[in-house]
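K.L.:
One structure is given below, represented as structure tokens, and several questions about it will come after.
Bear in mind that the values in this text are calculations on the coordinates, not laboratory data. Small disclaimer: the values here were computed from a predicted structure and weren't measured. Backbone-built Cβ (ideal geometry, glycine too); neighbour counts: all protein chains shown.
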Amino acid sequence: MSVSTYFDSDNVLGPLPWPHDSDLPDAQTLPELLDDTARRRPDAPALVAGDVRLTYRELADRVHRFAAALADLGVVRGTRVAVLGTNTADWMIAVHGAMRVGARVDAFNTWVRAYDLDHLLAASEAEVLVTIASVRRTDMLGEFKELVPEMWEAPAGGVIRSARFPALRHMIVFDGPRLDTPVPDVALAFEDLLVEGSAVPPIAARADDPAFVLYTSGSTSKPKAVPLTHRADIENAYAIGLRMGIGGDDRIWLGSPLFWSFGVANAAGVALSHGACLVLQEEFAPQAAADLMAAEHVTAAYLLPSMADALAATVPEQVRAIDSLRTGLTIGRPDEIARVVTELGISEICSVYGSTETYGNCCATSYADPLDIRLTTQGRPFPGVMLRVVDLESGAVLEPNTPGELQAKGRVTPGYLRDDEANDAAFTDDGWFRTGDTVIITDEGRVQFQSRHTDMIKTSGINVSPAEVEGFISTHPGVAEVAVVGAEHPSKGEVVVAFVVPAPGADLESAELRAFCRSGMASYKAPWAVEVVSELPRTNTGKMVRKDLKSSAREAVSQAMAVQAG
């Protein structure tokens, strides 16, 4: 095909049409889609999570019960419901129940500590908090008690009155392990709210309402709130499933968290929009993942590079022996994707590109594409998505095969919540989203990722903002200055490296600072290495020379790896 087949006269790629044989759902909201699927395929498997196995009828019934309980609490369209939990059936039920009554769901990261929760509760203005009591070895109730002690003063049947978070009224606690902090009397038990009760409330959500808000690291010191709307999520998830070749008989494995766009906006949406079954692993571990995939006859897998590496390093024969496993999504370098095919045997694996702001992905290869295309490109944009490549200095839209910044339009977040500065930086005057990535779009309309031109660190597939980590480390009384950069790592992609200048008279140790970070912030944000230095490199005008820091970080990681290797 000619270049003009894919590009318009302004060198904009897309929007491409929907395939003629596609069956895009008519549902305008996710609750409507769940009800429609439950009517069409009531006995089809919808969800496997631990010991819980639900058909679409059973899933819809539990969602309806929780929605009724929320309605009894006064939750209506526009109410803000925060959900903090792991990959469980309860998490899915809570999210869909809240969406049914029109609530906006803010999905909180389970790796957070009080430092992060303070921002999330304030940014979300959550009125209802649905949370797990503990996760891994973290007492989440203890973290909340540090921020909202009023919860433990409110009586059963009452409401929360918090000076710090005035919108917060109700707490609901998932069933699960407890640690030191008792559940407050004011909290409601999630399981108790699933009993038969009030009539099922009608669907209050609308197509353009935010279905959920996900939090993503950026150039700022705090995560940005990214709203994603109902109809756009349905369309995007359905398009992703088409590229993977997903149908109603497929079983999709997800081991990365639901609270990321790779989870709730991607894998969960793909399963629902195609009537497939979602198989959840609560915590990724390679042997457990291989066992679960085999036992559940999984046909598709969502694999971050670190997961694929772990599986290939420990249980490749077991994964290759899963005859049903044929397709899935991954990201990474050509050699990393090739490993998924050659060592894990997932022959139709697809390569994707996107971000939280683009509903997880905005383009992907097809399972039917030749392998070399799936290894070297991230495919074409989905129907309804437009892409262009722009020169960073002039702002001119570039011709195909020319490297520049990728910008997207169409199914993109409506904008960060209450963050005009971030929106001004992320969106052009004519409404295009700046991805911050340098790409080439070939004359066949396929995206080829080149590099990031921001300071963002991507460790094990997770974005980490240097400014956010710097902000936390600077709260240590012994720190005068701090700078954080990323350094290449053979299995994690990049790791976080911090350079710290001690305050006068302070005696800082790297191990002490690493422990300080691990105790106070999400574990994936905590520096892999901390270098205590006398000064930070700066230009004559005082500007930080980050390329020098990156060079020093590479040396530090290389030396540490050599020591670990013995």
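K.L.:
Against the 2.2 N^0.38 Å scaling, with N counting residues, where does the range 302-347 land? I'd like the Cα-based Rg ratio to two decimal places. Walk me through the numbers before you get to the answer.
P.N.:
Working: Rg = 9.3 Å, N = 46, 2.2 N^0.38 = 9.4 Å.
Ratio of Cα Rg to 2.2 N^0.38 Å: 0.99.
K.L.:
Here's another thing I want to ask about it. Express as a percent, rounded to the nearest 5, the fraction of DSSP beta bridges in the chain (both residues included) that run antiparallel. Walk me through the numbers on the way to the answer.
P.N.:
On the way: 49 of 88 bridges.
Looking only at bridges with both residues in the chain, the antiparallel portion is about 55 percent.
K.L.:
Could I have the simple spin-label model distance between R206 and S22, label points 7 Å from Cα toward Cβ, reported in nm to one decimal?
P.N.:
2.6 nm
K.L.:
Ok, one more. For D10 and S523, what is the calculated FRET efficiency with R₀ set at 45 Å and r taken between the beta-carbons, to the nearest 0.05? Write down the numbers at each step before the final one.
P.N.:
On the way: r = 45 Å, r/R0 = 1.00.
Result of the calculation: an efficiency of 0.50.
K.L.:
May I ask you to list the GluC sites (Glu not before Pro) in the range 281-331 that are in a DSSP loop and have at most 14 other Cβ atoms within 10 Å of their Cβ? Walk me through the numbers on the way to the answer.
P.N.:
On the way: sites: E282, E283, E296, E317; in loops: E282, E283, E296.
Passing sites in the range 281-331 are E283.
K.L.:
How big is the charge dipole of the chain about its Cα centre, in debye rounded to the nearest 20, if each Lys and Arg gets +1 on its Cβ and each Asp and Glu gets -1 on its Cβ? Can you show the working numbers first?
P.N.:
On the way: 49 positive and 76 negative charges, 21 e Å.
With only Lys, Arg, Asp and Glu charged at Cβ, the dipole is about 100 debye.
K.L.:
Now a separate question. If I take R0 = 30 Å and measure r between the Cβ atoms of S198 and R178 in this structure, what FRET efficiency does the formula 1/(1 + (r/R0)^6) give, to the nearest 0.05?
P.N.:
On the way: r = 29 Å, r/R0 = 0.96.
Between S198 and R178 the formula returns 0.55.
K.L.:
Here's a follow-up. Along each of the three principal axes of the Cα atoms of the range 457-565, give the extent in whole Å, ordering the values from largest to smallest.
P.N.:
37, 33, 27
K.L.:
Indicate the gyration tensor shape class of the range 1-124 (rounded, prolate or oblate), computed on the Cα atoms with a ≥ b ≥ c the square roots of the eigenvalues: a/c under 1.5 is rounded; otherwise a/b larger than b/c is prolate and the rest oblate.
P.N.:
oblate
K.L.:
Here's something else I'd like to know. Which FRET efficiency value, to the nearest 0.05, is calculated for A396 and S366 with the Förster distance at 35 angstrom and r the Cβ-Cβ distance? Intermediate values should be presented prior to the final figure.
P.N.:
Numbers: r = 31 Å, r/R0 = 0.88.
Here the calculated transfer efficiency is 0.70.
K.L.:
Follow-up question, since we're still on this one. Tally Lys and Arg at +1 and Asp and Glu at -1 over the other residues with C-beta under 14 Å from the C-beta of H476: what net charge comes out? Each step should come with its number before you reach the end.
P.N.:
On the way: positive: R514, R518; negative: E470, E481, D507, E509, E512.
Overall, the nearby charge balance is -3.
K.L.:
Enter the mean projected area of the convex hull around the alpha-carbon atoms of the range 153-271, in nm², rounded to one decimal. Mind showing how you got there, number by number?
P.N.:
Values: hull surface 47.4 nm².
Convex hull of Cα atoms, orientation-averaged projection: 11.9 nm².
K.L.:
Cα convex hull of the range 56-215: mean projected area in nm², to one decimal? Intermediate values should be presented prior to the final figure.
P.N.:
Working: hull surface 35.5 nm².
Value for the range 56-215: 8.9 nm².
K.L.:
OK, next. Taking only Cα atoms of the chain, what ratio of Rg to Rh do you get with Rh as the Kirkwood inverse-distance radius? Walk me through the numbers before you get to the answer.
P.N.:
Working: Rg = 23.5 Å, Rh = 24.6 Å.
My calculation puts Rg/Rh at 0.96.
K.L.:
Within 10 Å, count the other beta carbons around each residue, average over each peptide in 421-429, 16-24, 52-60, 273-281, and list them highest first.
P.N.:
Working: 421-429: 14.3, 16-24: 11.4, 52-60: 19.2, 273-281: 25.0.
Packing proxy ranking, top to bottom: 273-281, 52-60, 421-429, 16-24.
K.L.:
Along the charge dipole of the range 56-215, Cβ charges K/R +1 and D/E -1, which of V135, L179, A199 sits furthest on the positive end?
P.N.:
Farthest towards the positive pole: A199.
K.L.:
Quick check: residue separation of R137 and D249 times 0.36 nm, minus the Cα distance between them. What number comes out in nm? Working shown, then result.
P.N.:
Working: separation 112, 0.36 × 112 = 40.32 nm, distance 3.70 nm.
Result: 36.6 nm gained on full extension.
K.L.:
A further question follows. Once all Cα-Cα distances of the range 223-360 are split into 10 Å bins that start at 0, what whole-number percent is in each one?
P.N.:
The distribution over the range 223-360 is 13, 47, 33, 7, 0, given as percents.
K.L.:
Provide the convex hull volume over Cα atoms per residue for the range 127-194, in Å³. The partial results should precede the final answer.
P.N.:
Details: hull volume 5.3 nm³, N = 68.
With only Cα atoms used, the range 127-194 gives 78 Å³ per residue.
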